[in-house]
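This report concerns only the one structure given below.
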Amino acid sequence: ETTIRMLGGLLSAYHFSNDDVYLDKAVQLANALHGAYDSPSGIPYSSVNLKSGKGIKNHVDNGASSTAEAATVQLEMKYLSKLTGEILWWNLAEKVMQVLESNKTYDGLSPIYTFP
């Protein structure tokens, strides 16, 4: 949620204003979110401590992350990569898609939850 709402909002503000403050804040936020992707599979943890940058497993679902939440970061992360020239954000988003593609279970559909 933080990625699509906050990061997406900052990137949209930058797009329409061309004011570097929004891009700078987007990079700061993405750096804080980066720890969520530090999982064995590359699927981001469902939560992250923004201060420490550590991903946090969801205790309710035995550590699973929502597939929808994990997969909907494509636009924000790839646009950030385009704006900054930093391939890291593109690679993190692409890794999510590779994992989901390899985990298809039925007629090409992904499960509701995916384990990081």
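Looking only at helices (runs of 4 or more DSSP H) that lie completely in the stretch 56-116, which have at least 1 residues being at pLDDT below 85 and among the β-branched types (Val, Ile, Thr)?
Numbers: elements: 67-71, 74-84, 87-102.
In the stretch 56-116, the matching helices (runs of 4 or more DSSP H) lie at 67-71.
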| request: Only residues that are in contact with a Gly (Cβ under 8 Å, 6 or more places away or on another chain) and surrounded by fewer than 16 Cβ atoms within 10 Å (Cβ to Cβ): list them for the stretch 28-57, please. | output: Asn31, Asp38, Asn49, Ser52, Gly53, Lys54
| Among (1) in contact (Cβ under 8 Å) with a residue 40 or more places away in the chain; (2) on the phi < 0 side of the Ramachandran plot; (3) surrounded by fewer than 16 Cβ atoms within 10 Å (Cβ to Cβ), the one test that Gly63 misses | (2)
| task | Look at the stretch 3-27 and say how many of its residues are without any contact (Cβ under 8 Å) to a residue 40 or more places away in the chain and surrounded by 13 or more Cβ atoms within 10 Å (Cβ to Cβ). | result | 7
| request: Any chance you could count how many residues in the stretch 1-45 are of a type in the set (Asp, Glu) and in contact with a Pro (Cβ under 9 Å, 6 or more places away or on another chain)? | output: 1
| remark: Scanning the stretch 78-116 for residues that are touching a residue at least 40 places away in the same chain (Cβ under 8 Å) and polar (S, T, N, Q), the one surrounded by the fewest Cβ atoms within 10 Å (Cβ to Cβ) turns out to be Gln98
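The values are calculated or read from the model by the stated rules, or taken from the named source; none is laboratory data. Small disclaimer: the values here were computed from a predicted structure and weren't measured. Cβ: placed from backbone, ideal geometry, glycine included. Neighbour counts: every protein chain shown.
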